[in-house]
C-alpha cells in the first residue's frame, strides 16, 4: 500500500510529529509531493483531490477533516487518497492563520460584530485573567458537550450557554467565512499541483520506459551471445 508504514508510531510520537514532523515541515512537504505524484491515477483527478483536501482545511470540522475531505473528493471527482493527504495543509502551524482568515471573512459576510454580552459571559465563566481565546471557546463547547452527555445517566440539567456562544461566535462565522478563502486556496493548489504532477508522472513514465528498454536490450544481447 502507498501509505503503509514499516514502523508503528507511539501516540506520543504521533502528537509530537503532528506539531513538528521529523525532518521539519519542508521535508514533510517534499515527502507528500512524491507520494502524490506516485498515486496510480490521472493527474487531474489527483489535483481535484488536492483541491478537496485544501478546501476542507478551511472548515471548522476539526477531527472530521478526513471524513469531510472524503465526501468533498467524491463530489468533485477527485482522488480520495490525494484529498486525505492534502488535509496536511491544515496543521498546528497554519490553523491559527486559517481560523483568523475564516472568522474575519465570516463576520464580514454575515454582517456580525463581536457581541459585548458574549465577551462578558466568557469573562465571568472563566477564571479571572484567563484570555477568552478561540481555543477556550472550543474547549468550552466540548466541555458542555461532555457534561450534556453525562446528563443522560445522571439526570443533571444540561448546559447550553457555551455551546450557543461557540455556535454563533465561532462555528457559524468559521463555516461561512471559510468557503471563499478555502475555495481560493483550493483552486491555487489545483493550478499548482496539476502541471507538477503531470510533469512528475511523465518523467517517471519515461524513466520506467527507459529502464524497461535497457532490460529488453540486455535480454536480446544475452540471447544473441554465442555459447562456448
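Here are the numbers for this structure:
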{"read-out": "Residue in the range 126-148 that is more than 17 Å from residue 185 (Cβ to Cβ), part of a loop (DSSP other than H, G, I, E, B), at pLDDT below 80 and within 15 Å of the chain's Cα centre (by Cα) present", "value": "no"}
{"read-out": "From the options 59, 87, residue that is out of contact with any strand residue (DSSP E or B) (no Cβ under 7 Å at 6 or more places or on another chain), at pLDDT 90 or above, closer than 24 Å to residue 190 by Cβ and not in a loop (DSSP other than H, G, I, E, B)", "value": "87"}
{"read-out": "Some residue of the range 93-110 being part of a loop (DSSP other than H, G, I, E, B) and either within 15 Å of the chain's Cα centre (by Cα) or modelled with pLDDT of 90 or more (or both)", "value": "yes"}
{"read-out": "Test: residue in the range 154-162 that is in a helix (DSSP H, G or I), surrounded by fewer than 17 Cβ atoms within 10 Å (Cβ to Cβ) and at pLDDT below 85", "value": "yes"}
{"read-out": "Meets criteria (free of Cβ contacts under 8 Å to residues at least 24 places away in the same chain and within 23 Å of residue 96 (Cβ to Cβ)) for residue 142", "value": "yes"}
{"read-out": "Output for the range 192-206, where each listed residue is within 30 Å of residue 59 (Cα to Cα) and free of Cβ contacts under 8 Å to residues at least 60 places away in the same chain", "value": "192, 195"}
{"read-out": "Matching residues in the range 39-65 - criterion: being free of Cβ contacts under 8 Å to residues at least 40 places away in the same chain, over 20 Å from residue 97 (Cα atoms) and surrounded by fewer than 21 Cβ atoms within 10 Å (Cβ to Cβ)", "value": "40, 42, 45"}
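The values are calculated or read from the model by the stated rules, or taken from the named source; none is laboratory data. Computed from a prediction, not measured in an experiment: that's the story for all the values here. Using ideal geometry, Cβ is built from the backbone for each residue, glycine included, and neighbour counts are taken over all protein chains shown.
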